[in-house]
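Input: a single structure, listed below in structure tokens.
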Amino acid sequence: MLALLIVIAAIDGDAVRALWLGLAALVIDGTDGMIARRLRVKETIPWFDGAMLDNIVDYLTYAFAPIVLLWTGDYLPNGFLGAALAALPLLASSYQFCRTDAKTDDHFFLGFPSYWNVVAFYVVVLGLAPTATGLILLICSILVFVPVKYVYPSRTKAFRSMNLVTTAIWLAAYAVLLAQMPDPNPIVVGVSLAYLVYYGGLSLYLTFWVPRRKVA
């Protein structure tokens with residue numbers, strides 16, 4: 001439902017409304033799994049595959065809808081190049097959602113997760129040029145296939161408390177920046193971007209450094 005509303009907002013040319021809806025989707029997505037586990041939905045209706053529904057909703061909300069936003073908002077290059085760049089995240093995410101190990105047993109995402117909604121958020125807030133946007137889409141699409149373990153903020157056990165706190169701060173900054181559009185405060189932008197540095201750095205640390213320490 002939210003994916004459809006995001007697409008409608010994008011077609012209407014209201015990028016900020018689309019991003020507010022994206023924020024609502026993030027909040028719901030961060031809590032629905034926990035609620036389902038608390039209510040023992042899997043035991044109550046065992047014939048219903050909630051994980052499959054979650055993948056369908058996530059693809060539409062975090063891949064398809066954000067790319068529609070970038071396309072309709074003229075944030076991508078014109079012509080065939082723009083269409084090709086828009087297709088890359090959709091194809092890469094299609095592959096990722098079909099991987100049985102996309103979410104690891106120790107609660108990480110394997111390969112760049114479908115954070116295209118986050119990409120779209122920064123493209124709009126920072127007013128990135130189409131060339132820069134296209135380059136980001138290309139790089140992130142390639143990273144889908146690189147076996148880095150990305151932190152699952154609500155489930156990864158390592159540094160979980162810190163992850164939850166920093167993610168909450170990032171979500172708050174997300175809301176503040178949208179409220180400030182079209183003139184976001186540089187300090188709030190810096191706080192928001194600092195979370196990306198933390199998230200990326202921690203993911204690399206837990207992927208490469210921690211396993212080597214255990215072996216040593």
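Data table
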quantity	calculated
Distance in nm between pseudo-label sites at Ala168 and Arg38 (7 Å out along the Cβ direction from Cα)	1.5 nm
Hydrodynamic radius of the stretch 1-146 per Kirkwood, over alpha carbon pairs, in Å	16.0 Å
Three-way shape label, the stretch 113-152, alpha-carbon gyration tensor, a/c 1.5	oblate
Kyte-Doolittle mean at least 1.0, axial Cα span of 24 Å or more - DSSP H helices of the chain	79-97, 160-180, 186-204
18 Å reach of a label modelled at Asp106, 7 Å along Cα-to-Cβ, counting backbone N of the stretch 160-186	160-163
Pairwise label distance in nanometres, Gln180 with Ser161, each label 7 Å out on the Cα-Cβ vector	3.0 nm
Charge dipole (debye, nearest 20) of the stretch 2-211; +1 at Cβ of Lys and Arg, -1 at Cβ of Asp and Glu	540 debye
Residue (of Phe121, Ala172, His107) at the positive-pole extreme of the stretch 2-211, dipole from beta-carbon charges	His107
Neighbour cut-off at most 12 other Cβ (10 Å), DSSP loop, chymotrypsin sites (Phe, Trp or Tyr not before Pro), the stretch 1-90	Trp47, Phe48
Three-way shape call for the stretch 74-192 based on the alpha-carbon gyration tensor, with the a/c threshold at 1.5	oblate
In range of the label at Val148: residues from the stretch 84-111 whose backbone nitrogen is under 14 Å from the point 7 Å along Cα→Cβ	109-111
Full-extension gain in nm, Leu23 to Val191, via 0.36 nm per residue minus C-alpha separation	58.8 nm
GNM top mover of Lys42, Lys149, Lys103 - the chain, alpha-carbon springs below 10 Å	Lys42
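Bear in mind that the values in this text are calculations on the coordinates, not laboratory data. Just so we're clear, the structure is a prediction, and the values are computed from it rather than from any experiment. Every residue, glycine among them, receives a Cβ derived from its backbone with ideal geometry; neighbour counts consider all protein chains shown.
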